[in-house]
Amino acid sequence: LHNGVDIDEIGRQTGPNFEDESTMREAVKYVVENANVHEEVVASITSDIKLDMGRPEYHRVTLNRKPIDNNSGQYIYQATSTGQQRSSIVLSLRNADGLMMLPRGGPMGCGSTVAKKGESFPVFMFSKISSSIGSGTKFKDSSHRPILDYNNDHVHNKREKLMVGVVICLSEKDRGKKDVLPDELGSRIVRSLGGESKASITSHVTCIVPTMAKAPNDNFANKLSSLIHGPAIEGSNVIFVVVASKGDTSKSRTRHVAFRTGLEVNHALAPIIDKHAHALALQVRKGASSQDGIAAMFENVVGTLRERSSLIITCSDIGLERAIGAMKGSLFHAVSVNS
């Protein structure tokens, strides 16, 4: 590694026995904590800034510094937003002095929707403001340090277990399957997610989808929304809405994707999804179709709900295993971030 980390010093700190896992962990800890990162200052903002409800944000700012007094050599910093922060607007980087670390807004974040004028936040600078700042900021002294808590087993060993709720949607013609499918689909989902140590089914419910009419069925939409927000699915951080295929489930050649039923389900879910994850939905669709080409006919939806505390995935039972496999890594990551 580089950035001023003395490899010889690592050896003096940890000793020669790198076969021991705890010693190796200490060596890695030392390297990471002593790596140089961007210089930091704390600056107050000169105007209100709207916060992102979905995630923390690195906000481009210009800095102005004022001496605390004439002789101390110490300064206070004020930060002004460069304006719109879309990734397509890169011209503002030309005048920016650094990135201000703003918290996630809303009830799942800091509780506020706006960072108020006069509030202070860390700024990661693109370059040193003056030579008096010092020889460099180490990771262990930076605002990112709380990300790594080496005394917390959660960081090293724990991967958030998925608590899965399953909603099985059947067409009126297939309502006879409602006593057979829940256990079968639950087992398939858990196996695809890595077994009972990785995921468990908290509950499953069955919903009968009425025959698709010319206009969307508001009664069905209300019923499906009530099921998902009801006590049966309340403890789930992942919800699979599985639309059962048509035909004999034991004979793959006679099965057909319930395309129209899937459209009705997706229409019913649209008002309750906080944010769609279209790229992840495409992954699911590609995975399912790699297992069974006919699964490409199904329009998969992935998104967040309950103020983004839960993920919801709609899929067909055809191609289910590879659909889950295609998004499994992202699924665990998303749940751990939102938990």
Original post:
So which residues in region 79-95 are open to solvent by less than 50 Å² (accessible area, probe 1.4 Å), within 27 Å of residue 66 (Cα to Cα) and either touching a residue at least 24 places away in the same chain (Cβ under 8 Å) or not small (Gly, Ala, Ser) (or both), if there are any at all?
Top reply: 79, 81, 82, 85, 92
**OP:** Name every residue in region 266-300 that is outside any helix (DSSP H, G or I) and closer than 25 Å to residue 105 by Cβ, in order of residue number.
**Re:** 273, 274, 275, 276, 277
**OP:** Evaluate the following for residue 125: is it at pLDDT below 90 and either of a type in the set (Phe, Trp, Tyr) or crowded, with 18+ Cβ neighbours inside 10 Å (or both)?
**Re:** yes
**OP:** Could you tell me which residue of region 305-332 is farthest from residue 295 (Cα to Cα), considering only residues that are acidic (Asp, Glu) and touching a helix residue (DSSP H, G or I) at 6+ places or on another chain (Cβ under 7 Å)?
**Re:** 321
Subject >> Residue, surrounded by the fewest Cβ atoms within 10 Å (Cβ to Cβ), within region 101-122, restricted to residues that are out of contact with any Ser or Thr (no Cβ under 8 Å at 6 or more places or on another chain) and among the aliphatic types (A, V, I, L, M) >> reply: 114
Subject >> Filter result for residue 173 (open to solvent by 40 Å² or more (accessible area, probe 1.4 Å), over 29 Å from residue 240 (Cβ atoms) and modelled with pLDDT under 90) >> reply: no
Subject >> Search result, residues across region 210-253 that are at pLDDT 65 or above, farther than 20 Å from residue 316 by Cβ and of a type in the set (Lys, Arg) >> reply: 223
Original post:
open to solvent by 30 Å² or more (accessible area, probe 1.4 Å), more than 16 Å from residue 193 (Cα to Cα), at pLDDT 80 or above and not basic (Lys, Arg): does that describe residue 256?
Top reply: no
Original post:
Among the residues of region 93-121, how many are modelled with pLDDT of 90 or more, not aliphatic (A, V, I, L, M) and not in a loop (DSSP other than H, G, I, E, B)?
Top reply: 3
Original post:
Identify, please: which residue in region 290-339 is of a type in the set (Asp, Glu) and open to solvent by 40 Å² or more (accessible area, probe 1.4 Å) and is, among those, nearest to the chain's Cα centre (by Cα)?
Top reply: 307
**OP:** Starting from region 155-169, keep only residues that are in a strand (DSSP E or B), then list their pairs with residues that are surrounded by fewer than 17 Cβ atoms within 10 Å (Cβ to Cβ) and modelled with pLDDT under 65 whose Cβ atoms are within a distance under 8 Å, requiring at least 6 positions of separation or different chains.
**Re:** 168/178
Original post:
Mind checking whether some residue in region 135-154 is surrounded by 14 or more Cβ atoms within 10 Å (Cβ to Cβ), at pLDDT 70 or above and among the small types (Gly, Ala, Ser)?
Top reply: yes
Original post:
Which of the residues that make up region 41-77 are open to solvent by less than 80 Å² (accessible area, probe 1.4 Å) and not in a strand (DSSP E or B)?
Top reply: 46, 47, 51, 52, 53, 54, 69, 72, 73
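The values are calculated or read from the model by the stated rules, or taken from the named source; none is laboratory data. On a predicted model such as this, the values are computed, not experimentally measured, just so you know. Neighbour counts run over all protein chains shown; Cβ positions are idealised from the backbone, glycine included. Side chains included, ligands, DNA and RNA excluded: accessible areas come from the protein's heavy atoms. Shrake-Rupley method; radii C 1.70, N 1.55, O 1.52, S 1.80 Å.
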